[in-house]
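Comments concern the structure below.
The values are calculated or read from the model by the stated rules, or taken from the named source; none is laboratory data. These numbers were taken from a predicted model, which means no experiment stands behind them. Every residue, glycine among them, receives a Cβ derived from its backbone with ideal geometry; neighbour counts consider all protein chains shown. Accessible surface areas use protein heavy atoms only, side chains included; no ligands, DNA or RNA. Shrake-Rupley method; radii C 1.70, N 1.55, O 1.52, S 1.80 Å.
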Amino acid sequence: MKKVKAALPLAVSLALGLQVLPMSTSPVQAEAAANAAHHSAKVEVKRANAFLTNVANGKTKEAKRYFSRSLQSKMSEDNLKTWWSALTAQFGSVKKIGTSVQGEVNTVHRNIEIPIEFEHVSATLTVRFSQNRQIDDWRIVPEERQFSFSTPSYDTPKNYSEKQLSIGKAPYELPATLTLPTRSKHQNVPVVIFVHGSGPSDQDETFMSLKPFRDLASGLASRGIAVLRYNKRTYS
């Protein structure tokens, strides 16, 4: 009986290093994908605007309609009211809401950014949508140019150095900074890793003119303790 050689499965072919030709994408497919992305962005912009408008008008029940199931269970109407009250108490009343635009799109979130002019500061509200167009999270960040950061009195730069690096693996690599005390070549030092609290934060825990993680890192490193701090995954 004549033996017939079976075709190698794709996974085996790849493992053996055999050449596999990539499938081409037709112009029709590319156009369809672009149209789908554009439609999705329009839906998310509309929902982000509705979320902000409802919260600002005290309609927290309507605002929660756009939440993901996970956020629905964690964020109550009272939580929303408290957040907005605390925000406007600090920033002042809303004077103007700008045009919403699509921000970063990554493997986790699709971001919509809304500029808001408050009585005391200008800020950007970033509303994060899951891949199924539901709100997963949000953050509001005042424009940095409105604030100045001053180093604390105990910060002694000659006693430490800082190295920029990243932690984690793609697609979830996180920018980080390792603050190392000045030491002899073979001297071991203790290390502290800063872990964020709730909400999206950068590696300095920046809020307006405050950078508490940056202050703590410089203070500890000045006293012989290394510090690793990183941007929280939900920050971007």
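From the C-alpha coordinates alone, can you work out the Kirkwood hydrodynamic radius of the stretch 101-202, in Å?
The Cα-based Kirkwood calculation yields 17.4 Å.
Using only the alpha-carbon atoms of the stretch 46-118, report the extent along each of the three principal axes, biggest first, to the nearest angstrom.
35, 29, 19
If I take the Cα coordinates of the stretch 162-229 and project them onto the principal axes, what are the three extents in Å, biggest first?
The Cα atoms of the stretch 162-229 stretch 37, 31, 16 Å along the principal axes, largest first.
Mind jotting down the distance between the C-alpha centroids of the stretch 208-236 and the stretch 123-177, whole Å?
10
Taking 7 Å along the Cα-to-C-beta vector as the label spot, tell me the Val191-Ala86 distance in nanometres, rounded to one decimal.
For the pair Val191/Ala86, the computed spacing is 3.3 nm.
If you add up the charges near Gly219, with Lys and Arg at +1 and Asp and Glu at -1, over every other residue whose beta carbon is less than 15 angstrom from its beta carbon, what do you get? Numbers along the way, then the final one.
Working: positive: Lys158, Lys211, Arg214, Arg223, Arg229; negative: Asp155, Glu162, Asp204, Glu205, Asp215.
In short, 0.
Are there GluC sites (Glu not before Pro) in the stretch 62-130 that DSSP puts in a loop and that have at most 13 other Cβ atoms within 10 Å, and which ones?
In loop regions of the stretch 62-130 (DSSP not H, G, I, E or B), the sparsely surrounded GluC sites (Glu not before Pro) are Glu119.
Just add up the charged neighbours of Gly168: K/R +1, D/E -1, any other residue whose Cβ is under 15 Å from the Cβ of Gly168.
Local charge sum for Gly168: +3.
Between Lys158 and Glu62, what length comes free when the chain is fully extended (0.36 nm per residue of separation minus the Cα-Cα distance, one decimal in nm)?
29.1 nm
Counting only protein heavy atoms, what percent of the accessible surface of the stretch 92-236 is carbon or sulfur at a 1.4 Å probe?
The nonpolar share, carbon plus sulfur, comes to 51 percent.
Find, among the chymotrypsin sites (Phe, Trp or Tyr not before Pro) in the stretch 116-158, those assigned to loop by DSSP (not H, G, I, E, B) with at most 14 other beta-carbon atoms within 10 angstrom.
Of the chymotrypsin sites (Phe, Trp or Tyr not before Pro), the ones in loops of the stretch 116-158 whose Cβ has at most 14 other Cβ atoms within 10 Å are Phe147, Phe149, Tyr154.
Which pairs in the list Lys46/Lys169; Lys81/Lys163; Lys74/Lys211 are over 31 Å apart, alpha-carbon to alpha-carbon?
Table pairs above 31 Å Cα-Cα are Lys46/Lys169; Lys81/Lys163.
Pop the C-beta distance of Asn132 and Leu174 into the FRET formula with R0 = 25 Å and round what comes out to the nearest 0.05.
0.55
Please give me, ordered by residue number, the trypsin sites (Lys or Arg not before Pro) of the stretch 165-230 that lie in loop per DSSP and have at most 10 other Cβ atoms within 10 Å.
Sites meeting the loop and neighbour criteria: Lys169, Lys185.
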